[in-house]
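See structure below.
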Amino acid sequence: MRTDPFYIAQIIRRKFNNELTEEEACILQEWSEQDPRNFQLLRILEEDMKRGIDTHIIKSFDEDQAWSRIQKKRRKRSLLRWGRVAAVLAAVSAISFFFLRSKEELGTLSLMKTKDQPYKEDVLPAIKGAKIILADGVEVKVDDNIVLLEDGTVLTEKKKTVLEGGTMALNKLIVPTANFLNLTLSDGTKVWINANSELDFPSRFAKDQRKVKLKGEAYFQVIKDVKRPFTVETLGGNVKVLGTSFNVSAYDDAPATTLEEGKVLVYRDDLEQTLLPGTRAKVMESRIDVRQADLLKELAWKNNLFYFKGDNIVTIAKQLQNWYGIDVSFSRGVSLSQTYTGEIKRDSNLSEVLKMLEFVSGLVFKIENNKLLISKKQDGMI
């Protein structure tokens, strides 16, 4: 029987979401009977659920930190001291709130009052939204995904016309922080565009090539066309393909390309590397570094996840800044090199993400006036 903590944690999450298969139910039953501590863990989680305490959806697998923190909490509260596996599973601390939000003006921050201290104000997740700067300089705000027709007409998914057809002019799509958008190009290629990104694209592609320019991050599913290769240009390097699925992260001048399917050529000046599925290329100043990719991690944003795995707090803070449109600062004493691991859906509000981070990191987070302060927990605090 498979009993590694990652798998058992997934089954426990599925149990509380009423998604268990018969086979998984048998596995969980057998696991709970192997050790009285396992049985006790399930019982406590079930009691928490009945009391309305959130215990499903996110998983945190930073075993050493989770174990250390749970030991401290259990000693302080004179509760059971669980075994190591049970401690890891206890990190299946649960955050699953769902929010209905009205459409807001593009780029505005969604703040909501909360009784959950220290979060005096909570921040809702990013929404669909962008603005298009047309070739003639006209700016159009959109709150829906965009579809380009073969004749160059630009529509929203709700069939609202943004630009009439007949032109091959270059347009700029700007997706600000706290926003995201999907785009279907005139050849059928689909593009998922992350927050704080820009994409230059023509209303219609030329007969001999397809070319876009990216600043930020986007995932591409390119329609195959052997007569018209597809090129993504970035500040630090370019990606050339015929038909494939890949991610490009180009927030700076050292872009990284992760290939999920097909084959791509990553190049800059006289440097070039061909990628195969499951590999990642980062364009450096004097070389292109190619290595195996962690697809789950690299594509997490496209799959609506924050997925932190060995990430330091600076890297994590950048993702929060882009997605929630907040300013982040660190107090003195916060380690900027310590790494953390955890996962939560990106449609969670900010306070729920911070609860997960507090659990796995031991740091303290405070939201107020569109600002997030990250501090080191004082000795003796739990």
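Need pairs with beta-carbon distance below 8 Å; first residue on the phi > 0 side of the Ramachandran plot and within region 274-300, second assigned to a loop (DSSP other than H, G, I, E, B) and surrounded by 14 or more Cβ atoms within 10 Å (Cβ to Cβ); sequence gap 6+ or separate chains.
Sorted first by the residue in region 274-300, then by its partner, the pairs are Gly278/Ala293.
Got a sec? Which of Tyr324, Tyr307 is crowded, with 19+ Cβ neighbours inside 10 Å, free of Cβ contacts under 8 Å to residues at least 40 places away in the same chain and of a type outside the set (S, T, N, Q)? Break it down stepwise before answering.
On the way: Tyr324 fails: free of Cβ contacts under 8 Å to residues at least 40 places away in the same chain.
The match here is Tyr307.
What's the total number of residues in region 346-375 that are surrounded by fewer than 19 Cβ atoms within 10 Å (Cβ to Cβ) and modelled with pLDDT of 90 or more?
The qualifying residues number 6.
Among the residues of region 143-171 satisfying the criterion of being at positive phi and not charged (D, E, K, R), which is modelled with the lowest pLDDT? First the steps, then the outcome.
We begin by selecting, within region 143-171, every residue at positive phi; these are 152, 159, 166.
Narrowing further to those that are not charged (D, E, K, R): 152, 166.
Working: Gly152: 86, Gly166: 70.
Applying the filter and picking the extreme gives Gly166.
Residue check: is Asp136 part of a loop (DSSP other than H, G, I, E, B) and acidic (Asp, Glu)? Even if it seems obvious, please write down each step before you answer.
Values: part of a loop (DSSP other than H, G, I, E, B): yes; acidic (Asp, Glu): yes.
The answer is yes for Asp136.
Determine, yes or no, whether Ser249 is closer than 27 Å to Lys345 by Cα, in contact with a Pro (Cβ under 8 Å, 6 or more places away or on another chain) and of a type outside the set (A, V, I, L, M). First the steps, then the outcome.
Details: closer than 27 Å to Lys345 by Cα: yes; in contact with a Pro (Cβ under 8 Å, 6 or more places away or on another chain): yes; of a type outside the set (A, V, I, L, M): yes.
Yes.
Being within 18 Å of the chain's Cα centre (by Cα), of a type in the set (A, V, I, L, M) and surrounded by 21 or more Cβ atoms within 10 Å (Cβ to Cβ): is that true of Leu296 here?
Values: within 18 Å of the chain's Cα centre (by Cα): yes; of a type in the set (A, V, I, L, M): yes; surrounded by 21 or more Cβ atoms within 10 Å (Cβ to Cβ): no.
So Leu296 fails the test.
Here is a list: Asn194, Asn238. Which entry is in contact with a strand residue (DSSP E or B) (Cβ under 9 Å, 6 or more places away or on another chain), in contact (Cβ under 8 Å) with a residue 60 or more places away in the chain and assigned by TED's automatic domain parsing to the domain that holds Ile146? Walk me through it before giving the result.
Working: Asn238 fails: in contact (Cβ under 8 Å) with a residue 60 or more places away in the chain.
Within the list Asn194, Asn238, the selection yields Asn194.
The values are calculated or read from the model by the stated rules, or taken from the named source; none is laboratory data. Keep in mind the model is a prediction, meaning the values are calculated, not measured. When we count neighbours, we look across all protein chains shown, and the Cβ atoms used for this are built from the backbone with ideal geometry, even at glycine.
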